[in-house]
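The values are calculated or read from the model by the stated rules, or taken from the named source; none is laboratory data. Computed from a predicted model, the values in this text were never measured in an experiment. Don't worry about glycine lacking a Cβ; one is built from the backbone with ideal geometry, like all the others, and counts go over all protein chains shown.
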Amino acid sequence: MSIRPRVAAEIFTRDRWACHWCTYPVVFAPALKYLQEDVRRRGGNVPLAYYDFNFARLYAPLLNDLAAIIDHVQAGSKGGPTDLSNLITACNRCNMLKRGLDEAAWRKLIEEYRELRSLQNRTAEMPTEWDGFSTMFLLALKDDRSAASSSELEWFEALSRLSPLSRPGAPGV
């Protein structure tokens, strides 16, 4: 089931652009698409691995692990509701590994993984200013939206409402 960009943008913002499960920062994939296009437009005709629609590791390693995804705490495939209380921000890695596991089983696996890799919960280390590159996406589309897909335009509208750039006194998008 597809979550509308307006709802997803609210969830990403609510969750401070961090994965609910592993607490790592997530990245807004369309921003990296426009960053890659900007590099090429500026004459950077070198192979880049910033963006791939399928988040393939070979073509977009950052997205393969850290792309911002909306996940269900209680899996949708197991009847989990699609309401804000059951929807969270996840990184692509956790979303792919969790699949249809229930929350208790998934949390047990995460803890075992953390112990194995000596990982710590990084929630306290997350900067309040992290935005998953969503501001870069807004600025990329600010002046010219002609090449944007309808989905990207919907994202632009949703993120524009929530962006610090849209606050009074800030340069608007």
Index of the failed condition, Pro81 passing every other in (1) on the phi < 0 side of the Ramachandran plot; (2) surrounded by 13 or more Cβ atoms within 10 Å (Cβ to Cβ); (3) not aromatic (Phe, Trp, Tyr): (2)
Selection within region 58-75 - assigned to a loop (DSSP other than H, G, I, E, B) and polar (S, T, N, Q): Gln74
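Among the listed residues Tyr24, Tyr50, which satisfies the condition of being over 10 Å from the mean Cα position of the chain (by Cα) and within 16 Å of Trp130 (Cα to Cα)?
Every option except Tyr24 fails the conditions.
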Flag if Arg40 is basic (Lys, Arg), under 18 Å from Trp155 (Cα atoms) and surrounded by fewer than 21 Cβ atoms within 10 Å (Cβ to Cβ): no
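Looking only at region 76-103, which residues are among the polar types (S, T, N, Q), more than 15 Å from Ser2 (Cβ to Cβ) and not in a helix (DSSP H, G or I)?
Thr89
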Filtered residue count, region 20-36, keeping only those that are in contact (Cβ under 8 Å) with a residue 24 or more places away in the chain and assigned to a helix (DSSP H, G or I): 6
Number of positions in region 37-47 that are of a type in the set (Val, Ile, Thr) and either closer than 15 Å to Phe133 by Cα or assigned to a loop (DSSP other than H, G, I, E, B) (or both): 1
Those residues of region 28-76 which are modelled with pLDDT under 95 and of a type in the set (Val, Ile, Thr), in sequence order: Val39, Val46, Val73
Positions within region 1-19 being closer than 22 Å to Leu139 by Cβ and part of a loop (DSSP other than H, G, I, E, B), in sequence order: Arg16, Trp17
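Take region 118-147 and flag every residue that is modelled with pLDDT of 85 or more, under 18 Å from the mean Cα position of the chain (by Cα) and not in a helix (DSSP H, G or I).
Correct list: Asp131, Gly132, Phe133.
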